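> Mind looking over this structure? Questions follow.
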């Protein structure tokens with residue numbers, strides 16, 4: 001659901017009565033995420049206390065920054081949290097190594113993405129235009145054979161990614177070097193598994209930004225290889241976290257290595273779990289299940305929260321990650337002192 005949702009007058013009055021006559025922002029699972037941010041200009045100048053309902057604070061722009069590589073990120077891990085965040089009233093700002101070019105390229109059709117040399121073609125197009133594009137194999141399953149039905153993005157992930165493409169948000173990505181921690185309210189670090197992820201995982205400028213942002217105490221969420229980026233940025237010390245477990249990474253690699261080589265192994269000499277475990281306080285692998293979550297089955301996902309840090313394992317946790325991240329962001333916003341102007 002995009003844009004500003006409609007709220008009938010009866011519901012507005014019920015919400016106002018329930019919260020002392022002031023608007024209230026429902027949680028991530030409600031059908032009207034941000035609609036009660038109304039009459040804010042007058043209310044902001046009224047003699048309220050040092051803290052106000054969440055809706056008043058959310059009336060001020062709230063932005064989550066999402067760094068990604070130019071090509072190769074997982075579509076579900078990016079697009080599903082993006083959709084949950086935007087539906088809950090948050091603006092999402094994408095960032096890539098150099099930012100998007102002024103002119104956006106048209107997104108390729110699924111038929112184009114399934115042609116030979118898909119990854120090479122997508123990488124070339126992405127690098128040329130600066131507009132980020134997801135790993136096309138995860139969108140089409142090309143090269144996965146019969147395994148594509150279980151290993152590529154599911155219908156929820158593909159639909160969310162198509163919505164993201166249509167939104168134009170990817171074409172407005174900014175360079176890593178332009179990011180300033182004070183400009184954002186949350187940080188989301190998505191993952192992806194192919195070797196195209198290396199520039200994102202190894203970018204020193206991005207490491208410095210992640211470290212500076214985490215130092216502010218504002219919410220950080222990471223999933224899959226995004227937790228590797230968090231580890232390399234030095235923000236996992238003494239933290240309880242999860243990330244792509246070794247059994248899951250090895251299963252995908254061993255099932256496809258004969259014809260796809262190292263596609264499922266970003267680095268041939270280590271695994272996500274090994275690197276993250278060495279950097280964190282405690283690694284939690286989660287249940288051994290390949291069931292993907294959804295908005296109607298959030299319990300199928302697995303996330304770990306430690307303070308302002310939220311981590312998840314794989315695309316199958318994306319809906320729970322997005323929903324819990326909104327909860328964490330809302331808690332943080334609600335705890336902020338309200339500055340009257």
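> Among the residues of the stretch 281-304, is there at least one that is over 19 Å from the mean Cα position of the chain (by Cα), under 17 Å from residue 223 (Cβ atoms), part of a helix (DSSP H, G or I) and assigned by TED's automatic domain parsing to the domain that holds residue 85?
no
> Looking at the stretch 274-284 only, could you name the residues that are touching a strand residue (DSSP E or B) at 6+ places or on another chain (Cβ under 7 Å) and within 15 Å of residue 229 (Cβ to Cβ)?
If the condition is that a residue be touching a strand residue (DSSP E or B) at 6+ places or on another chain (Cβ under 7 Å) and within 15 Å of residue 229 (Cβ to Cβ), then 276, 280 are the ones that fit.
> On the basis of being in the same structural domain as residue 318 (by TED's automatic domain parsing), at pLDDT 95 or above, touching a helix residue (DSSP H, G or I) at 6+ places or on another chain (Cβ under 8 Å) and closer than 20 Å to residue 78 by Cβ, does residue 178 make the cut?
Spelling it out, it is not the case that residue 178 is in the same structural domain as residue 318 (by TED's automatic domain parsing), at pLDDT 95 or above, touching a helix residue (DSSP H, G or I) at 6+ places or on another chain (Cβ under 8 Å) and closer than 20 Å to residue 78 by Cβ.
> While we're here: Give the residues of the stretch 148-168 that are in a loop (DSSP other than H, G, I, E, B) and surrounded by fewer than 20 Cβ atoms within 10 Å (Cβ to Cβ), sorted by residue number.
Those that are in a loop (DSSP other than H, G, I, E, B) and surrounded by fewer than 20 Cβ atoms within 10 Å (Cβ to Cβ): 154, 168.
> Condition first: within 25 Å of residue 258 (Cβ to Cβ), touching a helix residue (DSSP H, G or I) at 6+ places or on another chain (Cβ under 9 Å), assigned to a loop (DSSP other than H, G, I, E, B) and at pLDDT 95 or above. Can you find one or more residues in the stretch 73-91 that meet it?
yes
> Follow-up. Tally time: how many residues in the stretch 247-281 are farther than 18 Å from residue 72 by Cα, in contact (Cβ under 8 Å) with a residue 40 or more places away in the chain and surrounded by 13 or more Cβ atoms within 10 Å (Cβ to Cβ)?
Here the count works out to 6.
> Go through the residues of the stretch 292-304 one by one and say whether even a single one is closer than 26 Å to residue 234 by Cβ and either surrounded by fewer than 20 Cβ atoms within 10 Å (Cβ to Cβ) or free of Cβ contacts under 8 Å to residues at least 12 places away in the same chain (or both).
No.
The values are calculated or read from the model by the stated rules, or taken from the named source; none is laboratory data. Note that the coordinates shown come from a computational prediction; the quantities given were computed from them, not determined experimentally. Reconstructed Cβ throughout: ideal geometry from the backbone, glycine too, with neighbour counts over all protein chains shown.
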